[in-house]
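K.L.:
Mind having a look at this structure? Questions to follow.
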Amino acid sequence: MGRTMRTPIIAGNWKLNNTISEAVELTSELKDLVEESTDIEIVVAPPFTALDAVGKVIKDSNIALAAQDVYWEDSGAYTGEVSVPMLKDVGCKYVIVGHSERRQFFSETNDSVNLKVKAVLSHGIHPILCVGEQLEDREAGRTEAVIKEHVTGGVANLSGDELLSCVIAYEPVWAIGTGKTATPEQAQEVHKYIRNLLKAIYSNEIASQVRIQYGGSVKPDNAAKLMAQSDVDGALVGGASLQAESFALIVKNAI
Ligand code: PGA
């Protein structure tokens, strides 16, 4: 089974950027620029404070809403946290889970990532599970070992159907925000490795349907080559998603 059965998905991770009014402006511009892009899924992940306002702008459009993180309990005494039912209530279809910045700065582990993935799935929405090696892992030849831990840890105890509800994002940490993109060949190599891992845990049929995004300095001028790789099914875009024009160009160059 080839890539044709997997709808490409381009998601913009805005990280810690944009007030409500800035978010609304960016989203309105984007909506106009991508309104004719079909056969591709377009997702934006604003900060929590702008989810409601952005959700209203993209209502009935071809853009879906994502959150950047979540807590795994539904409610309770967890000051500062936001739950899956709350994200569902505000209109999120996706939640980014286990982004390398969460792992690096907020003590996220494969176990906490797995709890979050399971919580997101239990409410019928979709995790975007981020995995990726650091520069020193790559230099020490540990890329596959780290990816294996992140993937098997992140999807631990998921059924095949649950896995099919997930998107996986391969984001080499050394390529995030650095302007150093993985070459299309480097990306393909790891994407294929991830798909083979899933094949071994689940089945060829299931693994061949899972979408695997690439993330790390994706820009309008490198998106097409990355997306042309047979196991690259989309992009998770940070910096270049903060401008409507560059994000829309990535969407256009991706198909
Ligand atoms: P970047 O970020 O595109 O700015 O490198 C990607 C990400 O962290 O998702």
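K.L.:
Are any of the residues in the range 75-89 within 16 Å of the ligand (Cβ to nearest atom) and out of contact with any Lys or Arg (no Cβ under 6 Å at 6 or more places or on another chain)?
P.N.:
No: zero hits.
K.L.:
Just checking, does the range 110-127 include any residue being in contact with a Ser or Thr (Cβ under 9 Å, 6 or more places away or on another chain) and either at pLDDT below 95 or within 16 Å of the ligand (Cβ to nearest atom) (or both)?
P.N.:
Yes - at least one qualifying residue is present in the range 110-127.
K.L.:
Further question on the same structure: For residue 121, are the conditions met, namely being in a helix (DSSP H, G or I), in contact (Cβ under 8 Å) with a residue 12 or more places away in the chain, surrounded by 15 or more Cβ atoms within 10 Å (Cβ to Cβ) and touching an Asp or Glu at 6+ places or on another chain (Cβ under 9 Å)?
P.N.:
yes
K.L.:
Out of all the residues in the range 37-53, is one or more without any contact (Cβ under 8 Å) to a residue 12 or more places away in the chain, surrounded by fewer than 18 Cβ atoms within 10 Å (Cβ to Cβ), more than 15 Å from the ligand (Cβ to nearest atom) and not aliphatic (A, V, I, L, M)?
P.N.:
No, that holds for no residue.
K.L.:
Being at pLDDT 95 or above and more than 23 Å from residue 237 (Cβ to Cβ) is the requirement here; does residue 205 meet it?
P.N.:
In short, yes.
K.L.:
Within the range 193-227, how many residues are in a loop (DSSP other than H, G, I, E, B) and under 19 Å from residue 240 (Cα atoms)?
P.N.:
4
K.L.:
Looking only at the range 167-187, how many residues end up being within 16 Å of the ligand (Cβ to nearest atom) and assigned to a helix (DSSP H, G or I)?
P.N.:
Qualifying residue count, the range 167-187: 6.
K.L.:
Another one. Residues 190, 232: which one is away from the ligand (no atom under 12 Å from the Cβ), in a helix (DSSP H, G or I) and in contact with a helix residue (DSSP H, G or I) (Cβ under 9 Å, 6 or more places away or on another chain)?
P.N.:
The match here is 190.
The values are calculated or read from the model by the stated rules, or taken from the named source; none is laboratory data. Since the model is a prediction, treat every value here as computed from it, not as a measurement. Counting neighbours? That spans all protein chains shown, and the Cβs are built from the backbone with ideal geometry, glycine included.
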